[in-house]
Amino acid sequence: MKDSLSQPSPSVNPLSLAQLVCRAALPLDTLQVLELARHIWNGHDYIPFVWQEWLADAEGFLAVAEYGNRIAGLGKLTRLDDDEWWLEGLRVHPDFEGRGFATHIHQYLMGRWRSLGRGVVRLATASKRLAVHRICQKLGFRKVGEFGAYERQTQSAGERVDFRPVAAEELSAAFAFASQSSLLPLSYHLVDLGWQWAKPRPAYLQRYIAASQAYWWRNQSGLLCAAEDDEDEVKSLLIRWVACAPQLLSDLLRDFACLAAQSGYSKAAWIAPMQTPILEALTSAGYQSAWDFSLYIFEYAEEIN
């Protein structure tokens, strides 16, 4: 399916958009997409590592923007559930920045979303990407959360940490515990699925349990889901979902650092909600900010008919 923008914004050069075509991505686009990715984040873009998986995703939609015979940009719409979707991988080649291409790709993907499903679409973007913020506001998205990366070095102190895996038959009890946790509203009622944030669902927790990544803490005083983060040279164990009384959080975070050490990791980390009680617990447990920016979550919601 191809698309062109019939009524471009007055600030956009109409001649540019007249030659821009958004369409479904094809395997033949791979070489040009990889070339585009070389210019993103100083050559450290993750797109080359997920491109084949995204091409094979039959439930979502992967788009490229074609300008003449060049791939000028791309974006991905991912289905998390029937009524929950994620926008990711929005890219524009540096040669084509400032022409309204990102807005056009975003609009095209939203049009595809309306043809595929309803409910909620979210995306994440850095706090310093003001152009993306303006696109989100223009298209009716609202900011619903802010997260920052925190980490600490682990120490092999030989301490016994009171974590045990959540058993498959404990799914209902574990989800009930997590849903009733006072940390959930402090987390904007969102959980991390791996650079995708969504409302808690039993199916999401079940995936962590099946992967042996969900733990009870201190005789079910807390619940933790964690997975390896191998994006940096030093591998970290990264918190994805945590539930406990706020006054216990600093103790849980200290114990998590010990769990990470005993599991062979040099760092314990969390892309944490930027809320005062959580930030105070992180500081108390010895964690420090790892980024010079934060991550904004934007959301667009429509009623399900």
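Dividing the mean sequence gap of close Cα pairs (under 8 Å, 6+ apart) by how many residues the chain holds gives a relative contact order of 20 percent. Ranking Gln52, Ala24, Trp85 by Cα position along the charge dipole of the range 2-117, where only Lys, Arg, Asp and Glu carry charges on their C-beta atoms, puts Ala24 farthest toward the positive end.
With charges set only on the Cβ (+1 for Lys and Arg, -1 for Asp and Glu), what does the dipole of the range 90-198 come to about its Cα centre, in debye to the nearest 20? All intermediate terms of the calculation are to be shown ahead of the outcome.
Numbers: 15 positive and 9 negative charges, 162 e Å.
Here the range 90-198 has a charge dipole of around 780 debye.
Backbone amide hydrogens, once placed in the peptide plane, bring Lys235 within less than 5 Å of Ser266, excluding anything fewer than 5 places away on its chain. Sorting Arg240, Arg142 from the fewest to the most surrounding beta carbons within 10 angstrom yields Arg142, Arg240.
By counting other Cβ atoms within 10 Å of each Cβ, how are Lys235, Lys138, Lys76 ranked from fewest to most? Don't skip to the answer; put the middle values down first.
Working: Lys235 15, Lys138 12, Lys76 21.
So the ranking, lowest neighbour count to highest, is Lys138, Lys235, Lys76.
Converting phi to 3J(HN,Hα) with the Karplus coefficients 6.51, -1.76 and 1.60 and the offset θ = phi - 60°, the range 108-124 yields 4, 5, 5, x, 5, 4, 5, 7, 9, x, 9, x, 10, 10, 10, 8, 10 Hz in sequence order, with x at every glycine or proline.
For Rg and Dmax of the Cα atoms in Å, computed directly from the structure shown, the correct entry in (i) 20.8, 66; (ii) 20.6, 72; (iii) 19.6, 62 is (i).
According to the square roots a ≥ b ≥ c of the eigenvalues of the Cα gyration tensor, what is the shape class of the range 148-292, taking rounded for a/c under 1.5, prolate for a/b larger than b/c otherwise, and oblate for the remainder? Mind showing how you got there, number by number?
On the way: a/c = 1.36, a/b = 1.21, b/c = 1.13.
Rounded shape, in that the Cα axes give a/c under 1.5.
Considering only alpha-carbon pairs that sit under 8 angstrom and 6 or more positions apart, the relative contact order computed for the range 2-117 is 25 percent. Rounded to the nearest whole Hz, the Karplus-based 3J(HN,Hα) values (6.51 cos²θ - 1.76 cosθ + 1.60, θ = phi - 60°) of the range 181-198 follow the sequence 5, 5, 6, 5, x, 5, 9, 6, 6, 10, 10, 8, 9, x, 6, 9, 10, 8, with x at glycine and proline.
The range 183-227 and the range 104-155 have Cα centres spaced 21 Å apart.
Under 14 Å from the Cβ of Leu130, count the other residues' Cβ atoms, weight Lys and Arg +1, Asp and Glu -1, and hand me the total. Kindly include the intermediate steps, with their values, before the conclusion.
On the way: positive: Lys128, Arg129, Arg134, Lys138, Lys143; negative: Glu97.
That sum, taken over residues with Cβ under 14 Å, equals +4.
Rounded to the nearest 20 debye, the dipole magnitude of the chain is 660 debye, with +1 charges on Lys and Arg beta carbons, -1 on Asp and Glu beta carbons, and the Cα centre as origin. Under a 5 Å amide H cut-off, with hydrogens placed 1.01 Å from N, Ala290 pairs with Ala149, Tyr150, Glu151 among residues at least 5 apart or on other chains.
Under the rule of -39500 (n - 2.57) per DSSP H run of 4 or more residues, summed and divided by the residues of the chain, what mean residue ellipticity at 222 nm is obtained, to the nearest 500 deg cm²/dmol? Spell out each step's value before the answer.
Values: 10 runs with 92 residues, N = 305.
It comes out at -8500 deg cm²/dmol, rounded to the nearest 500.
Most exposed first by the Cβ proxy, i.e. fewest other Cβ within 10 Å, how do Leu282, Leu171, Leu116 rank?
Numbers: Leu282 21, Leu171 17, Leu116 13.
So the ranking, lowest neighbour count to highest, is Leu116, Leu171, Leu282.
Residues whose amide H lies under 5 Å from that of Trp241, counting only those 5 or more places away or on a different chain, are Cys225; hydrogens are built 1.01 Å from N in the peptide plane.
With K and R counted +1 and D and E -1, the other residues having a Cβ less than 13 Å from that of Met274 yield a net charge of -1. Whole-Hz Karplus values for the range 205-214 come out as 5, 4, 4, 5, 5, 5, 8, 6, 10, 10 Hz, taken residue by residue from phi with 6.51 cos²θ - 1.76 cosθ + 1.60 and θ = phi - 60°; glycine and proline positions read x.
Mind putting a number on the dipole of the range 148-292 about its Cα centre? Charges go on the C-beta only, +1 for Lys and Arg and -1 for Asp and Glu, and I need it in Debye to the nearest 20. Display every interim value, and only then the final one.
Details: 11 positive and 16 negative charges, 82 e Å.
Charge dipole of the range 148-292: 400 debye, to the nearest 20.
Rule-based calculations on the coordinates, nothing more; no lab input. What you see is a predicted model, and the numbers here were worked out from it, not measured in a lab. When we count neighbours, we look across all protein chains shown, and the Cβ atoms used for this are built from the backbone with ideal geometry, even at glycine.
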